[in-house]
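Undergrad: Could you have a look at this structure, given as structure tokens, before my questions?
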């Protein structure tokens, strides 16, 4: 995680392509770890929250957020939902981006 953070969160030292690759790597890592992700939740959430500050990475970050939320154990997800919603819905643009990325997902139909 520290290497991924270093690639994502240092804007001057790392190219956009490297940041995108690091974010994709985080997505794959989340998928591989699956339900065992619970011990890494705070670190992943902090990283994804910070990545949302970079306009060029927002669309990919939303996809990784979706992967993260899908991977977290349901019993552990409940207490996190308010924080996740606040992180993601600070602007209406993110809501519409989620709808664009996942139009058939009924979870987002209530936002339309």
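Undergrad: Just the residues that are out of contact with any helix residue (DSSP H, G or I) (no Cβ under 9 Å at 6 or more places or on another chain) and at pLDDT below 85, please, taken from the range 11-35.
TA: Scanning the range 11-35 gives a single hit, 12.
Undergrad: Pull up the range 74-102, narrow it to residues that are loosely packed, with under 13 Cβ neighbours inside 10 Å and not in a helix (DSSP H, G or I), then point me to the one that is modelled with the lowest pLDDT.
TA: 91
Undergrad: Further question on the same structure: Do you know which residues across the range 53-73 are under 19 Å from residue 32 (Cβ atoms) and part of a loop (DSSP other than H, G, I, E, B)?
TA: Across the range 53-73, the qualifying residues are 72, 73.
Undergrad: Turning to a different aspect of this structure: Checking the condition crowded, with 17+ Cβ neighbours inside 10 Å and at negative phi, which residue from 6, 22 passes?
TA: Answer to the check: 22.
The values are calculated or read from the model by the stated rules, or taken from the named source; none is laboratory data. All of these numbers come straight from a predicted model, not from anything done at the bench. Cβ coordinates were reconstructed from backbone atoms using ideal geometry, including for glycine residues, and neighbour counts include every protein chain displayed.
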